[in-house]
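The values are calculated or read from the model by the stated rules, or taken from the named source; none is laboratory data. Remember, it's a predicted structure, so these values are computed and weren't measured experimentally. Methodologically, a virtual Cβ is constructed for each residue, glycine included, from the backbone with ideal geometry; neighbour enumeration extends over all protein chains shown. In case anyone asks, the SASA skips ligands and DNA or RNA and just uses the protein heavy atoms, side chains included. Shrake-Rupley method; radii C 1.70, N 1.55, O 1.52, S 1.80 Å.
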Amino acid sequence: MWGGRFAEGPSAIMREINASIPFDKALWRQDIAASKAHVAMLGAQGIVSAEDATTISAGLDTVAAEYERDGVPENWDLEDIHMTTESRLAELIGPVAGRLHTARSRNDQVATDFRLWVRDAMDQADAGLEALQRALVMRAGEHADSIMPGFTHLQTAQPVTLGHHLMAYYEMIARDRSRFADARRRMNESPLGSAALAGTGFPIDRDATAAALGFDRPTRNSLDAVSDRDFALDYLMAASACALHLSRLAEEFIIWASQPFGFVKLPDTLSTGSSIMPQKKNPDAAELVRGHAGRVIGCATALMITMKGLPLAYSKDMQDDKPPVFEAAGLLALSIAAMTGMVADTTFVTSRMRHAAELGYATATDLADWLVREADIPFREAHHITGAAVKRAEADGVALDQLPLDVLKAIDARIDERVYKALSVDASVASRSSYGGTAPVQVEARVAEARKALGMDD
């Protein structure tokens, strides 16, 4: 490959450190597609003969069929997927294979292949996230009026509906999808034809190869095109944010599945047992999703550190760009699939959720609001009165709406029997009817909007 420049071949150490075929073989589909687009353009431009272009393209199809059937061979002397494919092509069609590399370099070749791979990964993530959204919307619709405690600081705050809680994650995932979509639009430019760093003197048609590969346009600067890995960083940033959201959802299920909560019964298919304690049903899938978030973020950090001090244009450090992206994509896909299955198949113990909301003095804010609204008491004073009522209910071991009226009136004489209409968890939830609130009518409206956006009723 290096021609006559070197008198000796690489040492064993150099051979091992230089070879990327163990991981960049994952790019073989993209490499074949980009090579076919390139040779078709070379033929159309008369840079290679039509006969040679046809021979090369047919040979590439044969190589692709072999890879599909047998996998990509790992010959470290050939270094990477690009030389592996070109070498096999030469074995199949002879010296004409050497014309394929006309007007391109491995620098623009790998930049193109990697963009194509990342674009596919973005599309796969988006499809997986859409499936997760559908699961969230389905379960939210089932539980638009199922009452549970809402928490701040993991302390009971106000009653909410389970549907409202699940739709919060729908919104998070919508933002994740928007980040992947933004990143996809930004990266959808073709580096092919930038050659090593300065472009080429051959009369190539970069618009043709860009269109053939589904890019919006060719890149505008050859130096930037071969050295840019922003598209990979954009993917990892979006993947990191998404992994954080999946981790938060996983943590909710882990907490809810614990015996003190008992809010959910996780599906057997996403749980494991204990080797010594037969009663255990461990939320291992959710815990692994939680753990994967750290690894995805680590992948983003790894690539940022790799790129932080590189001068233009290509440096061999950039060979290390692919492993963190490949790892993150695999982890993210697993995490999305696991949480989609968990949302879809978990049994929600709504009676336990409601009981927890009733016991946690979750309607204290409703008492304060009632005092403001009906007794014309300043909120800070109402807050103090409510605190005294909660203290008394806690001492008596009862819910707020179970305190007798004479006890409430002893705390503040302005309280009357109308207050009980505000103290039940059902009344509390129903009253939160502002746009985006937890009232069942609002949850049902948001579910309907989401179903329409996802085409679930088409």
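Observations on the model:
- With all protein chains kept in place, the per residue accessible area of segment 12-102 amounts to 46 square angstrom at a probe of 1.4 angstrom.
- Value of relative contact order over segment 360-423, rounded to a whole percent, pairs C-alpha under 8 Å and six or more apart: 40
- Degrees separating the helix 162-187 axis from the principal Cα axis of the chain, which is the longest one: 20
- Reachable lysines from Lys409, criterion Cα separation under 29 angstrom, eight or more residues apart if same chain: Lys391, Lys421
- Per residue, the accessible area of segment 150-209 comes to 46 Å², computed with a 1.4 Å probe over protein heavy atoms only.
- Scalar couplings 3J(HN,Hα) for segment 234-250, obtained by applying the Karplus form with A = 6.51, B = -1.76, C = 1.60 to θ = phi - 60°, are 4, 4, 5, 5, 5, 5, 5, 4, 5, 4, 4, 5, 5, 5, 5, 5, 4 Hz; x denotes Gly and Pro.
- Under 16 Å from Lys308, Cα to Cα: aspartates and glutamates that are on another chain or at least 8 residues apart: Asp224, Asp228, Asp230, Asp234, Asp317, Asp320, Asp321
- Relative contact order, percent, segment 227-298 [alpha-carbon distance under 8 Å, six or more residues apart]: 39
- Degrees, to the nearest 10: 440-453 long Cα axis against longest axis of the chain: 10
- Across the chain, the mean sequence separation of Cα contacts (distance under 8 Å, 6 or more residues apart), normalised by length, yields a relative contact order of 17 percent.
- Each peptide in 224-230, 256-262 receives the mean, over its residues, of other Cβ atoms within 10 Å, and ordering these scores from highest gives 224-230, 256-262.
- The 3J(HN,Hα) values that the Karplus relation (6.51, -1.76, 1.60; θ = phi - 60°) gives for segment 78-94 are, in residue order, 8, 6, 9, 5, 5, 6, 4, 5, 5, 5, 5, 4, 5, 5, 7, 10, x Hz. Gly and Pro appear as x.
- Ordering 141-147, 432-438 by mean Cβ neighbour count within 10 Å, with the highest value first, yields 141-147, 432-438.
- Carbon plus sulfur fraction of accessible area for the chain, probe 1.4 Å, in percent: 53
- With a threshold of 24 Å on the Cα-Cα distance, the over-threshold entries among Lys265/Lys452; Lys36/Lys322; Lys25/Lys316 are Lys265/Lys452.
- Calculated mean residue ellipticity at 222 nm for the chain: -20500 deg cm²/dmol, from DSSP H runs with n ≥ 4 weighted as -39500 (n - 2.57), summed, divided by the residue count and rounded to 500.
- Each peptide among 447-455, 170-178, 77-85, 239-247 gets the average number of other Cβ atoms lying within 10 Å of its residues, and from highest to lowest they stand as 239-247, 77-85, 170-178, 447-455.
- Ranked order, Asp207, Asp416 - accessible area, probe 1.4 Å, largest first: Asp207, Asp416
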